[in-house]
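Okay, so here's the structure we're looking at.
The values are calculated or read from the model by the stated rules, or taken from the named source; none is laboratory data. For clarity, every value in this text was computed on a predicted model and none was experimentally measured. Using ideal geometry, Cβ is built from the backbone for each residue, glycine included, and neighbour counts are taken over all protein chains shown.
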Amino acid sequence: MTEEQRVPGFPKKLISFTRCLYDGAELNLSEGYTPTSAQDAWVHCGEVVCCACGATFHIDNGILNLLDQSSLDEESVNEQRQRNESQFTFDAMDTPDQRAHHEMEMSPTLEALPLTISQTILEVGCGEGRYTTVLAGRANVLAVDFSIGLLRILQRRLPQGTKNVGLVLGDVTTIKTATRKFDYVFSTLTSNLPTRRHRDALYRLAQTALQPRGRFVYSGHLQGIRHALSGQKKSEHYTPGGIYRYAFDLSEAAAEVKPYFKKVHARPIQIYFPMSRTLRLPTVGLSRLLEHVPFANRLGELVLVAADQPREAN
């Protein structure tokens, strides 16, 4: 099997969900592209062209490049470099405790995304695909990240024959998509965005990309009880290389997105009850139960926000 046959290509059907980086106009696939294997529905290498300004964007080894590298600020460039160089994957942390830790996050998050196979979701900040590989079996996925290194890892993790995942190299502050076309927008990126301006760009992207009945689901670090006891700051650089992290107050997480959506609900998730491991309590089940218990849920490490009914963009 050749590399071209093994690596998933970019689905032609998802090109209509993308837009020109410069003017937001439609992109069309140029003739002369290389399909994946003998099938014509996926592009291995080729170009898409803006129907208005004529700008050209490349599909290289199945990944569509919509990144304007010059627009990245210093903080973002630093994070991008570290993530490109990192060989870390969540698969390397496959222990019982880690599986429970991720299930405490992923179970309520996926529950907030009741996808059907005919629907399409935009995932912003997909990373190496912890969620993308699950979403791929549930709907069409347009997965965006500004790290080519992580996108290549994700590409290798996708099951052979994956037909409904389009990988895009792009940044949340500049990328454009078709308006009112997605059923869901999803992101776990929010806490790593270095400024409120970056977060507002994400919220606006979700607002304009979603259908009128669409839903935006995102998560971030929670400034709760455990966060306070650990001595962590609300805004800090938390890795040896200095990747940024912002912790949301529960009400703040909901308030930030309310100018863009009419209906917003936020709750803590990934809740560790004191002594639960020592007492061998079912940590995942207990976490799910405590999500809905006032005060106790402030022991959570993350906040999950579901925003419905996007407002009309100005």
Tally the residues that are over 19 Å from L229 (Cα atoms) and modelled with pLDDT of 95 or more, restricting the search to the range 261-286.
7
Does K176 meet the test of being surrounded by fewer than 18 Cβ atoms within 10 Å (Cβ to Cβ) and basic (K, R)?
no
Confirm whether A228 is surrounded by 15 or more Cβ atoms within 10 Å (Cβ to Cβ) and either within 16 Å of the chain's Cα centre (by Cα) or small (G, A, S) (or both).
no
Collect the residues in the range 244-260 that are of a type in the set (D, E, K, R) and under 23 Å from S230 (Cα atoms), keeping them in residue-number order.
R245, D249, E252
In the range 135-157, residue surrounded by the fewest Cβ atoms within 10 Å (Cβ to Cβ) [restricted to those that are among the small types (G, A, S), under 24 Å from I117 (Cα atoms) and in contact (Cβ under 8 Å) with a residue 12 or more places away in the chain]:
A139
Filter the range 245-260 for residues that are within 15 Å of A306 (Cβ to Cβ) and among the charged types (D, E, K, R); which is farthest from the chain's Cα centre (by Cα)?
K258
Evaluation of G220 against (1) closer than 21 Å to T120 by Cα; (2) buried (at least 24 other Cβ atoms within 10 Å of the Cβ) (one fails), failing number
(1)
Of A55, A100, the only residue that is in the same structural domain as K12 (by TED's automatic domain parsing), at negative phi and either surrounded by fewer than 17 Cβ atoms within 10 Å (Cβ to Cβ) or in contact (Cβ under 8 Å) with a residue 60 or more places away in the chain (or both) is A55
When you scan the range 235-244, do you find a residue that is among the hydroxyl-bearing types (S, T, Y), without any contact (Cβ under 8 Å) to a residue 40 or more places away in the chain and not in a loop (DSSP other than H, G, I, E, B), even just one?
yes
The one condition A209 fails out of (1) more than 23 Å from D249 (Cβ to Cβ); (2) assigned by TED's automatic domain parsing to the domain that holds Y246; (3) surrounded by fewer than 21 Cβ atoms within 10 Å (Cβ to Cβ) is (3)
Could you check how many residues of the range 89-131 are hydroxyl-bearing (S, T, Y) and within 28 Å of L290 (Cβ to Cβ)?
4
Go through the residues of the range 165-176 one by one and say whether even a single one is touching a Lys or Arg at 6+ places or on another chain (Cβ under 8 Å), of a type in the set (K, R) and in contact (Cβ under 8 Å) with a residue 40 or more places away in the chain.
yes
Right, A254: assigned to a helix (DSSP H, G or I) and free of Cβ contacts under 8 Å to residues at least 60 places away in the same chain or not?
yes
Could you tell me whether the range 299-308 includes any residue that is in contact (Cβ under 8 Å) with a residue 60 or more places away in the chain, closer than 30 Å to Q207 by Cβ, in contact with a Gly (Cβ under 7 Å, 6 or more places away or on another chain) and charged (D, E, K, R)?
no
Unique residue being among the basic types (K, R), within 22 Å of K13 (Cα to Cα) and not assigned by TED's automatic domain parsing to the domain that holds N84 when the list is R130, R152
R152
Could you check the range 1-21 and list, in sequence order, the residues that are exposed (fewer than 15 other Cβ atoms within 10 Å of the Cβ) and either of a type in the set (D, E, K, R) or at pLDDT 95 or above (or both)?
E3, R6, K13, S16
